[in-house]
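In what follows, a structure is listed as structure tokens, so that the remarks can point back to it.
The values are calculated or read from the model by the stated rules, or taken from the named source; none is laboratory data. What you see is a predicted model, and the numbers here were worked out from it, not measured in a lab. With ideal geometry, Cβ positions are generated from the backbone for all residues, glycine too; neighbour counts draw on all protein chains shown.
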Amino acid sequence: MIQIAPSILSADFSRLGEQVQLVEDAGAEVLHIDVMDGHFVPNLTFGPSLVKSLRDHSRMRFDVHLMVEEPERFIADFAAAGADHITFHLETSRHAHRVIQQIKELGMTAGIALNPATPLDGLKYILQDLDMVLLMTVNPGFGGQNFISNVIPKIQVLHRHLEQTQSSCLIEVDGGVNLETAPVVANAGAHILVAGAAVFAQPDPKQAVLELRQAAGLK
Ligand code: DX5
Ligand code: ZN
């Protein structure tokens, strides 16, 4: 079961509500929301108030991707704003297990993201507590970058491990997903495909979601 998660990073913010409606109409069930702090990544985006504004207008699952230092400082605010899921970066946390607990205690599901250069090894003793692992296929910070194909074996290895351990943890892939790369990551074992530019930088975002679903082998 593969899902497309449109990322609002490449949306037209002057009419964000409408843009979100378009992808919801296309059948997207997950909305990916990229939070950047200008420290962990060289870019700034939005905070909990944006999540709160969108919450009243959408029934999609809000998948918040924190690209911030000290993620533990922001989790309660995103929960209160209406997030359903929070992913934080392994590279930003010395107490990853504690952060996972914090997210779950607030009723959300929890994920950990790995940069392209970060090996899977650091997940070994926390994987059983995670609902999702996000494998970055670009260096985080910007939309519209090129897919880094070196990450494909990492997707395959994690997928095999999750199957062998009969884990229900999902693999999300984020960065450079388009009509060409969607089938590649789907075949490698990804369950959720984040797509920013391939949806919102297109003339018709609704049609773009439908085409990505098809490309990923979905009906
Ligand atoms: C990048 C973000 C991505 C971004 C992906 O740091 O985490 O979610 O929106 O954008 P595309 O799909 O354009 O590579
Ligand atoms: Zn993201």
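General remarks:
- Residue match in the range 139-151 (condition: modelled with pLDDT of 95 or more, over 20 Å from Ala96 (Cα atoms) and away from ligand 2 (no atom under 16 Å from the Cβ)): yes
- Of the residues making up the range 61-80, those that are buried (at least 20 other Cβ atoms within 10 Å of the Cβ), closer than 16 Å to Met108 by Cα and not aromatic (Phe, Trp, Tyr) are Asp63, Val64, His65, Leu66, Pro71, Ile75, Ala79.
- The residue list Leu162, Leu158, Leu114, Leu134 contains one member that is touching a Cys at 6+ places or on another chain (Cβ under 7 Å) and either closer than 16 Å to Ile192 by Cβ or in contact (Cβ under 8 Å) with a residue 40 or more places away in the chain (or both), which is Leu162.
Conditions tested, residue by residue: (1) under 16 Å from the mean Cα position of the chain (by Cα); (2) at negative phi; (3) not basic (Lys, Arg).
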position	(1), (2), (3)
Ser14	no, yes, yes
Glu18	no, yes, yes
Gly27	no, no, yes
Leu31	yes, yes, yes
Val35	yes, yes, yes
Gly38	no, no, yes
Asp56	no, yes, yes
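- Where a residue in the range 4-26 is free of Cβ contacts under 8 Å to residues at least 60 places away in the same chain and its partner, wherever it lies, is among the polar types (S, T, N, Q), with Cβ under 6 Å and at least six apart: Val20/Ser58; Glu24/Ser58
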